[in-house]
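The values are calculated or read from the model by the stated rules, or taken from the named source; none is laboratory data. These figures come from a predicted structure and were not determined experimentally. All Cβ positions, even for glycine, are placed from backbone atoms using ideal geometry, and neighbour counts span all protein chains on display. Side chains are part of the model used for accessible areas, which takes the heavy atoms of the whole protein and leaves out ligands, DNA and RNA. Shrake-Rupley method; radii C 1.70, N 1.55, O 1.52, S 1.80 Å.
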Amino acid sequence: MGMSAGDKRAASPRDEEWPEAEKAEKLARGAALKWASGVFYRPEKLEGLGHYRRRETQRNNSIQSRLKSTVQSYLEGVSAGLEQLRSAAQEVQGVCQDLGAARWALLDSADHFQGLQQMRKLMEEHVQLASVVQVLPQIFSVHEVFSHILQLLHGQHLLEAHVELMMVEQLRDDILSQLHLRGLSGAQATVLSYFSGLQDLNESLAKQLWDIVGSSLRLVREDPVLFVTAVRIIEREEKIDDTLLLEATFLPPGRPKGWRQKFYQVLQDTITGGRFHAPRLDAEGPGLAKHLAALQKDIVCELRVVKDLMVQCVPAHYNILSVCTATYHQALTSHLQEILREDLDKQGLFLLLEWALRVYHSPEMMAHPDLLPEVDVSALDPLMSSELVDQTERRYVMKVKASVFEWMQRTLEVEFKEWFREEEPETDHQGFFQSALPAIVMQMLNENIQVASLITDSLQQKIYNMALEELEAFLGRLREALVQCGKEHQQDRAVPKYYIPHLLAVLNNNLALSNAVSSLHPDTACREVPGSLQAALDRMQKKATQLLLEELLLDLQPLCLQLPSRKWLSGSQLVGSMCEVIDKYAKDFSRVRKPVFTLLLAESELLVANQYLRALLQRKMVCKSREERGQLCHRLLQDATQLRELFCGLGLDRGQQSLEAVFALRELICLKDPALLSLEVLGFITKYPDVSDEHISTLLDIRGDVSKEVRHVVLEMMAQHPQALPEGYRPIFSTILVPVPELPFCLRKGKCA
């Protein structure tokens, strides 16, 4: 199915012009050959070759027919287009000829056009002269009109005066406009001089208008017609200003007048001038309260007038009620800032905060039923900014702090004098010693916190924090006063006469303060006492307890000096006397409430145990025989048992007592076999980890039968088993210092004895 040589020659120019066609034809022939080889590969398919050839011949004929039809239609369209182009070219040539003729005709009539231009200028001058002739009577009567306008103004016929004033202004402005268009500036100055009286009339009218606006709050109640007249004149002038600004090419002198803006300014000055720029007022106490009450009353009354009467006298777009509300609000903001520049006392600062944050927004003022819902200050800035409120609150807190300090100092001075009175402190209904100090202090602090809650939560929190700080400082000063009282008592135990009862009252007062502090917190769900304040309360309790124990110690020391001794060992009533002293103090301690009473018992028992062990270890007695050791153990058992039973009877459990150390020490002394001491000592130091080598060595000396080897084993065992103090352990032995053993005297180059 190849191509002939003639076909190739015929196709070559087309192939050179359209290389894509050659490529497409090759692809098509390749596809056809591939298809034909596939279809007629098998012999049985060759039978359909004739049928296929006829079908392809018919399809080629159909395609050629359609191509001829399409080409014929295209050629006909091209022929019609060429014909139209020839016709259009002929018409364009004719139009060009006509335009050339018109151009020559216009050049011939140029001289005639110059004559028409001169005629036009003459016509314009004639029109201007005719206009001048028409207004000449008005121009000649200008000064007469000025006089009439002045008479109308004196008679307060403002609308009529304003109408004539507008007519004269219009006449002047028309003349000036014409002169401006003609560029005659010198003539403009002459016209302005001729109409110079207009400026005085405008000023006179404006003065009356602003006087009316300045009295608007009174006029809308007494004579609203005059106020409405002023508003109408202002609106006329405002419309003229708007028209000139939008349309005129020439702006007459004095325009725009801006009388509506001036209306707002005068109204605002009227509102703020009378009461907000008054002479300096008494900014403390009743003076400030009266001033704020007067402001409240006047503002509510005047806003009622604006809402009920003035709103009806002005156009709606004036928003007169909103303008007046914002003016009052801004004036109050500035006025309060001015007042705050004064050195206000705490009452003045509180009044100002309460008025600005509570009263101003309450139904008694801006939320008054007669003003709602039209008056709404919620969209305006706060009367006092958050920074100013915080600053004022801090100033108030400082004033309150100074006052609280002064009151607390007076209370402390009174309390200190009470300690030296020749009578016991007062008691409550249960017989516990007390004074009025906790009630006075807590009432003072609580009242200030409650008063602050009427303003803001932040102020209440600031006052609460200040109250805790002042209470903590007060406890420090009270402790110092207690120390001073203790020093004076040390010099003379008869002064104060009722020293112990007053110390017990101090403990009860401290407990009352500790219980009441949590009630000061603004949040009832948060009742925790701050750590620093709790530490101050604990230091106060510790100091009072220490002074009481010092008194107990002074009475016990003469008895403790008598043990150990041979007389004590043989069975004296020494511990019985100690029990009498302890019992006497315990009766006094019963005048304090239970938690503190238990603490005093525990501290007293620790003191007694410590003093007993101290006397035993510091003034050591060496047993010379087994009988003496037995006698010592018997005495220790009797003394410890008697003291333990005493404290148990007073209400102190055995598990809380330190006297158990005496029983444990007795076991070390009573041990018959010294070889077992190391095990006993190990148990002893495990139970009492604050015991030292010196303490154990002293106990071994008291036994009188411990050899150097056993002593060495015991001390070596202690070195191998160091003990750590467990948490919550109450030291017993660490405060007991034992005498340093005397070193044997040695000669130089000799052996020690």
So, of the residues in the range 219-247 that are within 18 Å of residue 168 (Cβ to Cβ) and touching a residue at least 60 places away in the same chain (Cβ under 8 Å), which turns out to be surrounded by the most Cβ atoms within 10 Å (Cβ to Cβ)? 233
Looking at 418, 426, 413 in this structure, which one is over 37 Å from the mean Cα position of the chain (by Cα) and surrounded by 13 or more Cβ atoms within 10 Å (Cβ to Cβ)? 418
Could you say which residue among 578, 621 is touching a Pro at 6+ places or on another chain (Cβ under 6 Å) and either within 24 Å of residue 656 (Cβ to Cβ) or not in a helix (DSSP H, G or I) (or both)? 621
Assess whether residue 538 counts as being touching a residue at least 60 places away in the same chain (Cβ under 8 Å) and part of a helix (DSSP H, G or I). no
Return a yes/no flag: does the range 357-379 have any residue that is in a helix (DSSP H, G or I), open to solvent by 80 Å² or more (accessible area, probe 1.4 Å), out of contact with any strand residue (DSSP E or B) (no Cβ under 7 Å at 6 or more places or on another chain) and within 16 Å of residue 455 (Cα to Cα). yes
I'd like to check something: does the range 322-344 contain any residue that is on the phi > 0 side of the Ramachandran plot and either assigned to a helix (DSSP H, G or I) or open to solvent by 80 Å² or more (accessible area, probe 1.4 Å) (or both)? no
Pairs needed: first member in the range 284-301, farther than 20 Å from residue 326 by Cβ; second member anywhere, modelled with pLDDT of 90 or more and charged (D, E, K, R); C-beta distance under 8 Å; at least 6 residues apart or different chains. 284/345; 285/345
Does at least one position in the range 694-703 carry a residue that is farther than 19 Å from residue 623 by Cα, open to solvent by less than 50 Å² (accessible area, probe 1.4 Å), modelled with pLDDT of 90 or more and among the hydrophobic types (A, V, I, L, M, F, W, C)? no
For the range 654-690, how many residues are over 24 Å from residue 708 (Cα atoms), among the charged types (D, E, K, R) and surrounded by fewer than 16 Cβ atoms within 10 Å (Cβ to Cβ)? 2
Can you confirm whether the range 494-512 contains a residue that is part of a helix (DSSP H, G or I), under 18 Å from residue 440 (Cα atoms) and open to solvent by 20 Å² or more (accessible area, probe 1.4 Å)? yes
Qualifying positions in the range 529-564 - aliphatic (A, V, I, L, M) and under 16 Å from residue 597 (Cα atoms): 540, 544, 547, 548, 549, 552
Out of (1) of a type outside the set (A, V, I, L, M, F, W, C); (2) closer than 18 Å to residue 411 by Cβ; (3) open to solvent by less than 10 Å² (accessible area, probe 1.4 Å), what's the single condition that is false for residue 489? (2)
Residue under evaluation residue 256, criteria (1) at pLDDT below 85; (2) open to solvent by 30 Å² or more (accessible area, probe 1.4 Å), criterion not met: (1)
Inside the range 384-404, can you point out the residues that are touching a residue at least 60 places away in the same chain (Cβ under 8 Å), in contact with a helix residue (DSSP H, G or I) (Cβ under 6 Å, 6 or more places away or on another chain) and open to solvent by 30 Å² or more (accessible area, probe 1.4 Å)? 401
Say whether the condition of being among the polar types (S, T, N, Q), assigned to a helix (DSSP H, G or I) and in contact with a helix residue (DSSP H, G or I) (Cβ under 9 Å, 6 or more places away or on another chain) is met by at least one residue in the range 423-445. no
